[in-house]
Amino acid sequence: MVGAPAVDMLCNSGGSGPTVETLEGVTSAFRMGAKEEEGEEEKKEEGEEKKEEGGEEKKEEGGMKCFPGEAIVQTQTRGAVNLASVQPGDHVLVEDGGALSFAPMLSFLHETREKGGEYIELVHEQGRVRMTANHIVFVNGPNGRSDKPAGKVQLGEQLVAVVEGATQTSTVLEINYKSAVMGMYAPLTHTGTIVVDGVVASNYALPDLSMKLPHSLAHFVLLPVRIYHALGLHNVMQVLCKLPGGSDLLSCSASSQYHPYIDVIYKKLGIQQLLKFV
């Protein structure tokens, strides 16, 4: 505390009263105490700033991710391949209203080729499926099919597996936590679904595991992106971005891990704040 040494000096100066030397010592003590307190305040502020920065980084890392690159998808021309090797335009196995078919992958909603990223491995009767905890997967229950984030799937629940060209239920037997080695990817298709590791899953993920985001609502929110690709506007954009100055004018930079639409509604508009009221 500021002044504590000074008070001690005054109280122990004896009955004759403080001398000039004592008063100078008191002044010096006050100054030293003030400097120590200022130093403590600065360290406290720096610690709080680092804590806030670390929290923001952690939040960013735990944002919208999806499937690890080593997860398997079925393509029409190459058969079973790692998701990391799939490119927009490749036809992948999807499910729509119970029917299986091949549909073009339109784009990636999220894509990072960097090693790392935690995901959940749901081991079930027919195999295993890998995805991040906030990714939406379909389950069968007493009231029919529903959807929930993989992180909330429990042992004994039934996933929708694809076996010999048809869908069937498969009970979850084990839940493991692992780290990706081939990046993280979130493919987008017209149906909003994709068969990954032999299990029907959504294209979408929750911004935060504590929020509620039904697959149907996420599919509706991404309607503009599907229309954009259906009209071939993405091809027009690619041409414009290659023109002199087009990249800067149209924000064509590929540095973001997110699709431009996701980048706007998630990072700039903060749609995750609105989902708190769902």
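Would you mind getting the accessible area per residue of region 100-198, heavy atoms of the protein chains only, 1.4 Å probe, in Å²?
43 Å²
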Links exceeding 21 Å between C-alpha atoms in this model, out of LYS115/LYS212; LYS65/LYS115; LYS65/LYS212, come to LYS115/LYS212
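Accessible area, 1.4 Å probe, largest first: how do PHE102, PHE138 sort?
Working: PHE102 85, PHE138 15 Å².
In descending accessible area the options line up as PHE102, PHE138.
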Measure of exposure for GLU121: accessible area at 1.4 Å probe, Å² rounded to 10, is 10 Å²
The percentage of the accessible area of region 75-124 (probe 1.4 Å, all protein chains present) made up of carbon and sulfur atoms, to the nearest whole number, is 47 percent
Calc'd 3J(HN,Hα), region 196-201, phi into Karplus 6.51 cos²θ - 1.76 cosθ + 1.60 (θ = phi - 60°), Hz, glycine/Pro = x, comes to 10, 6, x, 10, 6, 10
Quick calc of log₁₀ I(q)/I(0), region 182-227, Debye, one scatterer on every Cα, no solvent, q values 0.15, 0.16, 0.25 1/Å, result -0.42, -0.48, -1.03
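Give me the net charge of TYR185's neighbourhood, meaning all other residues with Cβ under 14 Å from the Cβ of TYR185; Lys, Arg count +1, Asp, Glu -1.
That sum, taken over residues with Cβ under 14 Å, equals -1.
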Here the net charge surrounding VAL195, from other residues whose Cβ is less than 14 Å away from its Cβ (Lys, Arg +1; Asp, Glu -1), is -3
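The values are calculated or read from the model by the stated rules, or taken from the named source; none is laboratory data. It should be emphasised that the depicted structure is a prediction, and the values quoted were computed from it without experimental measurement. We place every Cβ from the backbone using ideal geometry, glycine too, and count neighbours over all the protein chains shown. For accessibility, only protein heavy atoms count, side chains too; no ligands or nucleic acids. Shrake-Rupley method; radii C 1.70, N 1.55, O 1.52, S 1.80 Å.
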